[in-house]
Every structure is written in structure tokens, then in C-alpha cells.
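Asks: This is the structure, below, for whatever I ask next.
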């Protein structure tokens with residue numbers, strides 16, 4: 001399997017990458033998004049990840065909508081978004097008036113993507129464990145093109161060995 005890097009215009013070098021691989025059923029795009037904490041506007045001190053992820057999705061739009069040269073048939077978008085679906089309703093975020101914009105996941109799904117972890121674990125599954133408390137933060141996500149979703153299996157690996165290496169649990173996608 002030969003991976004090929006896809007060059008596209010973005011200010012997010014390193015936290016947004018795309019590669020492709022030719023498969024028996026067509027070209028598959030593999031996209032990694034890392035949610036960087038950024039100021040929400042000029043002169044602001046509050047930082048969130050959602051504005052930057054929205055900009056990253058805008059950068060990816062021509063590829064995801066197949067309007068770029070060398071159209072890619074199907075996509076996998078994964079990564080540490082640093083954002084949980086439940087942040088808008090979590091008491092700590094509401095108390096701090098720090099609730100982020102909730103349209104993030106709907107926007108990814110608007111590109112014809114299925115959130116595999118959400119489909120398998122609708123109430124969420126813990127992928128991040130460095131914060132104290134009992135809240136099961138799911139900051140890591142994997143989306144696949146809708147036409148690929150039924151052929152995928154997804155799991156979250158947890159063990160004492162994982163805890164020694166990272167505060168995130170590996171999300172394993174089997175295509």
C-alpha cells in the first residue's frame with residue numbers, strides 16, 4: 001500500500017493532513033484533524049477548538065465535496081478534536097459560560113460522513129482520561145464516508161499499558 005500526501009491550501013500545517021491510498025474499490029482519503037486551542041477572536045482571551053476545526057473543515061471542503069483535482073472517492077476523518085459532543089450541556093462548561101458552538105459534528109456529517117463512535121456508542125465512550133472526575137470525555141473521533149460505514153468496525157482500546165503511554169485511548173478502525 002502506497003500512501004500519497006495531498007497538498008492543499010491551509011494555514012494548519014501539521015494539525016490538518018490528508019493522504020490517499022489506492023484500494024480495490026477506489027481512492028481512499030485519510031485525514032487527520034487535531035483540535036488546537038485558539039483565541040475565539042481578535043483581542044479575546046478565551047480559547048476554544050471549534051473555530052479552528054470549522055476553518056479546517058472549510059479548507060477540506062473542495063476535497064470532501066469532490067471538487068478538487070484528482071477527486072477522492074471516500075474519506076476517513078479522524079483525530080483528537082479536543083471536543084466532546086456533550087460539552088454544550090456539561091454543567092462545568094455552562095457554569096463557566098464556555099460552551100462551544102455545537103454545530104461542529106453536524107457540519108462534518110453534512111459532508112456525507114458517519115460518526116462511527118457515535119453510531120456505536122450514542123451516549124459516548126471515554127477516549128481521554130487525564131481530567132479528574134468521572135465524566136467520560138470523548139475527544140477523539142472517527143468519521144467515514146457514508147458509503148464506507150457499513151464495512152467498518154471500530155473499537156477503543158484500553159489497558160494499563162495504554163495508560164502508561166498516553167492520556168488518550170487508541171481508537172482502532174478496521175476497514
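Asks: Could you say which residue among 134, 123 is out of contact with any strand residue (DSSP E or B) (no Cβ under 6 Å at 6 or more places or on another chain) and either at pLDDT 85 or above or under 24 Å from residue 20 (Cβ atoms) (or both)?
Replies: Being out of contact with any strand residue (DSSP E or B) (no Cβ under 6 Å at 6 or more places or on another chain) and either at pLDDT 85 or above or under 24 Å from residue 20 (Cβ atoms) (or both) holds for just one of 134, 123, which is 123.
Asks: So residue 51 fits all but one of (1) under 21 Å from residue 131 (Cβ atoms); (2) part of a helix (DSSP H, G or I); (3) in contact with a strand residue (DSSP E or B) (Cβ under 9 Å, 6 or more places away or on another chain); (4) at pLDDT below 90; what number is the exception?
Replies: Of the numbered conditions (1) under 21 Å from residue 131 (Cβ atoms); (2) part of a helix (DSSP H, G or I); (3) in contact with a strand residue (DSSP E or B) (Cβ under 9 Å, 6 or more places away or on another chain); (4) at pLDDT below 90, the odd one out for residue 51 is (1).
Asks: Shifting gears a bit: Of the residues 75, 37, which is more than 24 Å from residue 175 (Cα to Cα) and touching a strand residue (DSSP E or B) at 6+ places or on another chain (Cβ under 8 Å)?
Replies: From the options 75, 37, the qualifying one is 37.
Asks: Out of everything in the stretch 1-24 that is farther than 18 Å from residue 63 by Cα and at pLDDT below 90, what residue ends up being surrounded by the fewest Cβ atoms within 10 Å (Cβ to Cβ)?
Replies: Of everything passing the filter in the stretch 1-24, 24 is surrounded by the fewest Cβ atoms within 10 Å (Cβ to Cβ).
Asks: Look at residue 57 and say whether it is within 14 Å of residue 15 (Cβ to Cβ), assigned to a loop (DSSP other than H, G, I, E, B) and touching a helix residue (DSSP H, G or I) at 6+ places or on another chain (Cβ under 7 Å).
Replies: No, not satisfied.
Asks: Looking at the stretch 27-39, which of the residues that are out of contact with any helix residue (DSSP H, G or I) (no Cβ under 6 Å at 6 or more places or on another chain) and in a loop (DSSP other than H, G, I, E, B) is modelled with the lowest pLDDT?
Replies: 37
Asks: Another question, if that's okay. Could you list all residues from the stretch 138-150 that are in contact (Cβ under 8 Å) with a residue 40 or more places away in the chain, more than 14 Å from the chain's Cα centre (by Cα) and surrounded by 15 or more Cβ atoms within 10 Å (Cβ to Cβ)?
Replies: Once the filter is applied, which keeps residues that are in contact (Cβ under 8 Å) with a residue 40 or more places away in the chain, more than 14 Å from the chain's Cα centre (by Cα) and surrounded by 15 or more Cβ atoms within 10 Å (Cβ to Cβ), the stretch 138-150 yields only 148.
The values are calculated or read from the model by the stated rules, or taken from the named source; none is laboratory data. These figures come from a predicted structure and were not determined experimentally. FYI the Cβ positions are ideal-geometry reconstructions off the backbone, even for glycines, and counts take in every protein chain you see.
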